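Okay, so here's the structure we're looking at.
The values are calculated or read from the model by the stated rules, or taken from the named source; none is laboratory data. These numbers were taken from a predicted model, which means no experiment stands behind them. For neighbour counting, all protein chains shown are included, and Cβ atoms are generated from backbone atoms with ideal geometry for every residue, glycine included. Accessible surface is based on the protein model in full, side chains and every heavy atom, while ligands, DNA and RNA are left aside. Shrake-Rupley method; radii C 1.70, N 1.55, O 1.52, S 1.80 Å.
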Amino acid sequence: MLAIAKASLITIFRSPQAVFFSLFFPVVLIVIFGALSSGGGISLDIAFHSSSDTNNKVYRAISSSPVFDIKKGTDADIEDRLKKGRITALVDIKKNTNSDAGYEVHLKSTSASSKDLPVLETIVRDIISRINNNGKPVTGTYATVTKEEIPGRVYKMIDFYLPGMLGFSLIGAAVFGVAFVFFSLRETLVLKRMYSTPVGKGYIVVGEGIGRVVFQLTTAVVLILFGRFFYGFTLANGWVTFMELMGLSLLGLLVFMGFGFIISSVAKNQNVIPIYANLFMFPQYFLSGTFFSKSALPQSIQPILKFLPLTALNDSMRKVSFEGAHLWQVPAEIGILLGWCVVIYAIAIKVFKWD
């Protein structure tokens, strides 16, 4: 088994296509997205506190302004997104009974969005100034602005894109690699000859699988470290997070390899392998939050998307890497991956062919 694993690993490293699509291509994408991340840019995503007074001019002016993208959700969800730097501030507008001002506009932000807060504050003060100028002469001001900052972690674009690129690399290399290799071994009768040797048939499959796993985990290490040292990819708990990402990569890889085994067995020729593989992979690239957030997709399909294997892998990696969650704190995602693993290998065992 170890001899087969060694031979398989050497073959993979000697394959330019395998190295390109598993390592070089994802690195190029990380460089592109990392450059976008370092470019910064102002994002004035805000949310109103659920108890905000909505019957006032400041609220109406902010809500109708094209400068702001108003985010909605539960209080817990908004607070969580605020701490992660995904929204600039939580705006709470209250009637003011302690001064001449009619209202108090409270801006709650985190250190993650501190660079955008001055811009937000300037715009809000400008809105209040225009309200004052357009109204009847009054003493004082229509509203005052107060600020509060709580601890938060800067959420960079690389923190979203790198887990997606890692999933992209794993699913592509696992499905295509296993499907083409085992189809070729069966087509050239190599697999049949190996089957006739004293080596147990399970060891033959496992040996080939070990070679694929070692290669892909090596590329995962390179991608994570590249993102970390060149673009500041967040590893919330340091090496503990790194090892947990590797564990998730292994689990995702095993699931995706199962699809490769099935495709290699049902394919009649090599020309249909890319068709079958892309039918499985291509929709997930765009539905599983690989290149853009799933929140951009229709709400009606969101419950379905979370059960896709690449969605579970991407979501769990982002929670572990940026939010600092541990593996036992992402049971839903791991449960989905394990469920796919059981189903896929049950099918693979039924359809697997040696000749």
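Using alpha carbons only, the radius of gyration of region 257-344 set against its Kirkwood radius gives Rg/Rh = 1.03.
Rolling a 1.4 Å sphere over the protein heavy atoms, what is the accessible area per residue of the chain, to the nearest Å²? Let's see the in-between values first.
Numbers: 17490 Å² over 355 residues.
Per residue, the chain has 49 Å² of solvent-accessible surface.
Quick check on the chain: helices-only [θ] at 222 nm, where DSSP H runs of length 4 and up contribute -39,500 (n - 2.57) each and the sum goes over total residues. Nearest 500, please. Computed ellipticity for the chain at 222 nm equals -20000 deg cm²/dmol. Averaging the Cα positions of each part gives two centres, and for region 181-197 and region 287-355 these lie 32 Å apart.
The relative contact order of the chain comes to 20 percent, based on Cα pairs under 8 Å that sit 6 or more residues apart. Dipole of the chain computed with +1 at Lys/Arg Cβ and -1 at Asp/Glu Cβ about the Cα centre; of S288, I158, T74, farthest Cα towards the positive end is S288.
A simple rule links phi to the HN-Hα coupling: the Karplus curve 6.51 cos²θ - 1.76 cosθ + 1.60 with θ = phi - 60°, which for region 141-150 gives 9, 5, 8, 10, 10, 10, 10, 8, 10, 10 Hz, with x for Gly and Pro.
Only Lys, Arg, Asp and Glu count, each charged at its Cβ (+1, +1, -1, -1), so figure out the dipole size of the chain about its Cα centre, rounded to 20 debye. That gives a dipole near 800 debye. In loop segments of region 307-355 as defined by DSSP, the chymotrypsin sites (Phe, Trp or Tyr not before Pro) with at most 12 further C-beta atoms inside 10 Å of their C-beta are F307.
A convex hull fitted to the Cα coordinates of region 221-306 yields 147 cubic angstrom per residue.
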